[in-house]
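Everything below concerns the one structure shown next.
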Amino acid sequence: MPEVPDAWRKTEVYFAGAVTIFTLVLAVVSIAQWCQMVTANQNATKALQITQRAYVSLGSKSGKLAEFGNGEKGKRIVIVHLVNSGLSTARHLVVHFATEAPHGFTFGFHRHRFRSPGGGIMTSNSGIEIDLAGGAEHIEYLTEPTSLIGEEATNPRGLFEVHGEIEYCDIFGGYHCDQFSVRYMPSPIADFTAGFRFKCAIEKPDERAFHGVEDGKPATFTEIEPCEQPDEPEYQRETDWKLTAPTPAAKSTPGA
């Protein structure tokens, strides 16, 4: 067999090196493209959630924040308006109102969930939860003077404020909680105006919430997301959370 010239051998080495480098470049390019695709998918998912999720805020569609009403025996009450301006249902909606306290005001306990070692889930909250459809309005009634800061509602000529928090979940498993306030301005305005709006200060659950009983034996519970996630069975059993355009406004009241 004839001996291969050194020049050919060098050429083969160069060619093999070039093929190796080219293969590495292709691998790097493929990885980069895959990363870009994953990022694009994540961005698309976030964009979908942002555009389709629930957005519950203070005020009606007509812009009315709050108003006076008359309860039993002529008792003056305050009516607070809320609206879900999003395209999907706001789940577990609950509104907390402040109560008078010697040093400012406080809100109730927020929504928390815990999972046991066996997979059982326990939920704690501090109010009556409702689901509010996309595009729907909701009304809350303040019937006790202790829910007001400053002058009581029995004296509409005075200036007082109503403070509260709006707490709810969206259908993508996101948790949302915002504080709000409305201030009644006496004559010549004689109407409610908007005050501050901040994120809620979520408390750490009491230590006792992490200890329970499962199958008759003591068990340690772990805190999980406050809202059901898309891969949870409870979420998958629901059939009425389809993403649709807003329907004509329909007002809801607690217990309706």
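The values are calculated or read from the model by the stated rules, or taken from the named source; none is laboratory data. Not measured: the values here are computed from a predicted model. In this analysis, Cβ positions are derived from the backbone assuming ideal geometry, glycine residues included, and neighbour counts consider all displayed protein chains.
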Which members of the stretch 190-205 meet the condition of being loosely packed, with under 11 Cβ neighbours inside 10 Å and more than 18 Å from the chain's Cα centre (by Cα)? PHE196
Inside the stretch 52-70, can you point out the residues that are of a type in the set (Phe, Trp, Tyr) and either in a loop (DSSP other than H, G, I, E, B) or buried (at least 19 other Cβ atoms within 10 Å of the Cβ) (or both)? TYR55
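Going residue by residue through the stretch 148-165, is there one that turns out to be in contact with a Cys (Cβ under 7 Å, 6 or more places away or on another chain) and either within 25 Å of SER88 (Cβ to Cβ) or modelled with pLDDT under 85 (or both)?
yes
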What about GLY86, is it under 22 Å from PHE198 (Cβ atoms), modelled with pLDDT of 75 or more, out of contact with any strand residue (DSSP E or B) (no Cβ under 7 Å at 6 or more places or on another chain) and not aromatic (Phe, Trp, Tyr)? yes
